[in-house]
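Below is one structure, written out as structure tokens; the observations come after it.
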Amino acid sequence: MRLARAGLVLLVAAVVTSCASPEPSGNARPTGPAASADATSGPPRITLPLDPYQVSDEDFGTVSRALAELTDRCMRRQGLSYEEPAPEETPTSPTGHERRYGITVLETAREHGYHLDGAPAREPERQKRSQRYERALSGTGKPLGGSDGFDDGCTGEAHRELESGIDMEAVDLPQWYKRDSFQRSLDDPRVKAAFGAWSRCMAEAGHRYAGPLDPPADPGVMGRTVTEHERSVAVADITCKRRTGLVGAWHQVETTLQRSTVTTRAAQLKKARAEAKRLIARADKILAADGG
């Protein structure tokens, strides 16, 4: 997976789907001492040991803007204007690792259930674009003569210009480590015990689920629009998380797993951080040249 290409797609997808799932991809977050994961008001302050090695949300935005600028330059050379998605069309993204362990903010659950604050009630219609525009933006996908590449349009050109000489696999490595720690945490006996306690609590509230990843995957709960049933399940979900200390226990297990990774993969993570800095510096330079 490429951070600047597939990673940006992943981030957008995470924003849209995190209303129904935890955040195993774990994009970088502000670092510092982790506060209680079961705070009674506002989003929980959750940090993880691998956070400092990833591109932060702010810097990810810089990379996104640089890619948009490079794409626009390419499109303009072909007499077209790049239509960058408007920020206001995107639902409000959870902050930090707010949804890494499922929903945690009671106020949001009471109003939006498992949906994101600002998510549209229905899927917005996609604006129809000309074949010429689509071909210029995304290419034909056909192999290019005399090279190992393929026609990927202005999108591909933008990525190549931004990423040239940067080890993008190294940049992406902390994200893979985070995915691994999340998956391994699910097999830990302490997390399984916390799931069991949460499940019993939910059953007492009239909702039968084996674990906190199940309710948002239930089509009877999570639909296109928010329902009173969804809100009631979501509120019970968070109430039971707090009553059983699930998020705190889960976070502690994953923290231990990531600390081990930081120790055993120190050289790889050092390179990841260095390559990420190079990527961000280049993005800054592109935006400065454009006056942005």
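Hey, what do the phi angles of the stretch 192-204 turn into as Karplus ³J(HN,Hα) couplings, whole Hz, using 6.51/-1.76/1.60 and θ = phi - 60°, x for Gly and Pro?
4, 5, 5, 4, x, 5, 4, 4, 5, 5, 5, 4, 5
With a cut-off of 8 Å between alpha carbons and a minimum separation of six or more residues, what is the relative contact order of the stretch 135-292 in percent?
Details: 121 pairs, mean separation 43.6, N = 158.
28 percent.
Would you mind working out the accessible area per residue for the stretch 159-292, using a 1.4 Å probe, and quoting it in Å²?
51 Å²
Leaving out ligands, DNA and RNA, what percent of the accessible area of the stretch 216-292 is carbon and sulfur, probe 1.4 Å?
Numbers: 2130 of 4020 Å².
Exposed carbon and sulfur together represent 53 percent of the surface.
Taking a virtual spin label 7 Å from the Cα of Arg135 along the C-beta vector, which residues in the stretch 153-196 bring their backbone nitrogen under 14 Å of it?
In the stretch 153-196, the label zone of Arg135 (backbone N under 14 Å from the point 7 Å along Cα→Cβ) covers 153-154.
Using 0.36 nm per residue of separation minus the Cα-Cα distance, give me the extension gain between Gln78 and Ala281 in nm, one decimal.
Residue separation times 0.36 nm, minus the Cα-Cα distance, leaves 70.3 nm.
When the Karplus curve 6.51 cos²θ - 1.76 cosθ + 1.60 is applied with θ = phi - 60°, which whole-Hz ³J(HN,Hα) does each residue of the stretch 277-289 get, with x for Gly and Pro?
5, 5, 4, 5, 4, 5, 4, 4, 5, 4, 5, 5, 5
If r is the Cβ-Cβ distance from Arg224 to Ala267 and R0 is 45 Å, what FRET efficiency results, to the nearest 0.05?
Working from the Cβ atoms, E equals 0.45.
Long-range amide H contacts for Tyr101: which residues qualify at under 5 Å (H placed 1.01 Å from N, peptide plane, sequence gap of 5 or more or a different chain)?
Long-range HN contacts for Tyr101: Glu23.
The values are calculated or read from the model by the stated rules, or taken from the named source; none is laboratory data. Only a predicted model underlies this, so the values are computations on that prediction, with no experimental measurement involved. In this analysis, Cβ positions are derived from the backbone assuming ideal geometry, glycine residues included, and neighbour counts consider all displayed protein chains. The protein model used for the area step is the full one, side chains on, heavy atoms only, and it has no ligands, DNA or RNA in it. Shrake-Rupley method; radii C 1.70, N 1.55, O 1.52, S 1.80 Å.
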